[in-house]
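Please read the structure below before turning to the comments.
The values are calculated or read from the model by the stated rules, or taken from the named source; none is laboratory data. This one's a predicted model, so the numbers in the text were calculated from it and none came from an experiment. Cβ placement follows ideal geometry from the backbone for every residue including glycine, while neighbour counts extend to all protein chains displayed.
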Amino acid sequence: MTFCRANIFLILTIALLSGCGNKTKNEKGEKPLATVGDKNLYRSEINPELIKKMENADSIASLKAFVDSWIEKQLVVSEAEKVLSEKEKDYSGLIEDYRSSLLLYAYQKKLVAEKLDTNVTSADIETYYKNNQNSFELKKNIVKIRYVKLNKERPDIKNVKKYMQNPSAINDSLLKNYAEKFADNFFIDNNWLYLDDIIKEIPLNAEYDKERFLNNNKYIQIEENGTLYMLYIIDFKVKNSTSPIEFERGKIREILLYTKKLDLLKQNQEKLMEEGLKHGFVKYYLN
C-alpha cells in the first residue's frame with residue numbers, strides 16, 4: 001500500500017510522540033518529539049515552512065535529521081554548561097547589546113518611514129550635480145541611439161533608415177509603429193545606455209576600438225544571416241569624461257535621500273538629548 005508523503009510525515013510524528021511515553025506536555029497539550037535533560041522539542045516549535053519542505057521531500061529522513069540535529073545541539077550546550085565557568089558562560093552584556101541594536105534599527109526604520117521627506121526636486125538634483133561634477137566621471141562609454149533589428153525582407157526598410165537618421169517626435173512615432181509591427185528587437189528612447197549593452201546585440205568585431213567607433217560612425221547597418229542590424233547614434237560620451245546629468249539623476253536622488261535620512265536621525269538624536277537633559281532623564285557624573 002502506498003502513502004503520500006504528508007501521511008508518512010504524520011505517521012512518523014505519531015511514532016515519535018508514542019515513543020516519548022508520558023513525558024511533559026506543553027501548554028498546547030503536545031507531547032515532545034525528543035528530550036535532552038530538561039529540554040523538550042515540540043512539533044509546534046518547528047518552523048512551518050520547514051515542515052512543508054519536509055512533507056514535500058523524504059519526510060521520514062527529513063524529520064529524523066532535524067530531530068537528530070536538535071539533540072546534538074542540546075547535548076553540546078548541556079556539556080558546555082558543565083565545563084564552562086560562570087564567567088565564561090556570562091553573555092548577558094552581549095545579549096543586551098544585541099537587543100539594543102535591534103531596537104535601535106527598528107526605531108530608526110519606523111522614524112524614517114514616518115518622518116522622512118522624500119521629495120527631491122529637479123533643482124535639488126541640478127544643484128548637487130553642478131557642485132559635484134568631479135564625482136561623475138564615466139567608467140564606460142554611453143550612447144543615445146535609435147536601434148532596430150529586423151529581417152532584411154521586411155517592407156519599406158528605406159523609410160526606417162530615414163526615420164532613424166532624422167530623430168524627431170514625428171519620426172520617432174513612425175519608427176516605433178513600424179518596429180512594433182516588423183522588428184525582432186528595437187530601442188527608440190532618449191535615455192542614455194551603456195555602449196557595451198548595445199554592442200552585445202550587434203555582430204561587431206570584438207577587437208574594435210570603441211572610442212574610434214563612436215567618433216567615426218553615426219549610422220551603421222550590418223547584415224548577417226538575413227537579419228539587418230540598424231543603429232543610429234544620436235549622441236555619445238566616452239569613458240573618463242563627465243557623465244551627463246540625465247544619466248546620474250537616479251543616483252543623485254538616492255544620495256540626497258540618504259543625506260536627508262542622516263539629517264533626520266541626527267536632528268532626532270539631538271532632540272532626544274535635549275529633552276533628556278531638560279527633564280533630568282540624562283545625568284552626567286564625570287567630575
Quick one: Ser241 ticks every box in (1) free of Cβ contacts under 8 Å to residues at least 12 places away in the same chain; (2) closer than 30 Å to Lys161 by Cβ; (3) small (Gly, Ala, Ser) except a single one, so which number is it? (1)
Kindly check whether there is at least one residue in segment 221-235 that is under 29 Å from the mean Cα position of the chain (by Cα), surrounded by 12 or more Cβ atoms within 10 Å (Cβ to Cβ) and either assigned by TED's automatic domain parsing to the domain that holds Ala183 or part of a helix (DSSP H, G or I) (or both). no
Just to be sure before I move on: is Ile198 closer than 18 Å to Ser243 by Cβ and of a type outside the set (Gly, Ala, Ser) in the structure I sent? yes
I'd like the residue in segment 238-268 that is more than 16 Å from Tyr107 (Cα to Cα) and hydrophobic (A, V, I, L, M, F, W, C) and, out of all such residues, is surrounded by the most Cβ atoms within 10 Å (Cβ to Cβ). Ile252
Would you point out which residue out of Lys181, Lys176, Lys237, Lys210 is in contact with a Leu (Cβ under 8 Å, 6 or more places away or on another chain), among the charged types (D, E, K, R) and at pLDDT 90 or above? Lys237
Restricting attention to segment 134-175, and to residues there that are within 31 Å of the chain's Cα centre (by Cα) and surrounded by fewer than 13 Cβ atoms within 10 Å (Cβ to Cβ), which single residue is farthest from Asn217 (Cα to Cα)? Asn134
What about Val76, is it β-branched (Val, Ile, Thr) and at pLDDT below 95? yes
As an exercise: evaluate Tyr98 against (1) assigned by TED's automatic domain parsing to the domain that holds Phe213; (2) aromatic (Phe, Trp, Tyr); (3) exposed (fewer than 14 other Cβ atoms within 10 Å of the Cβ) and give the number of the one condition it does not meet. (1)
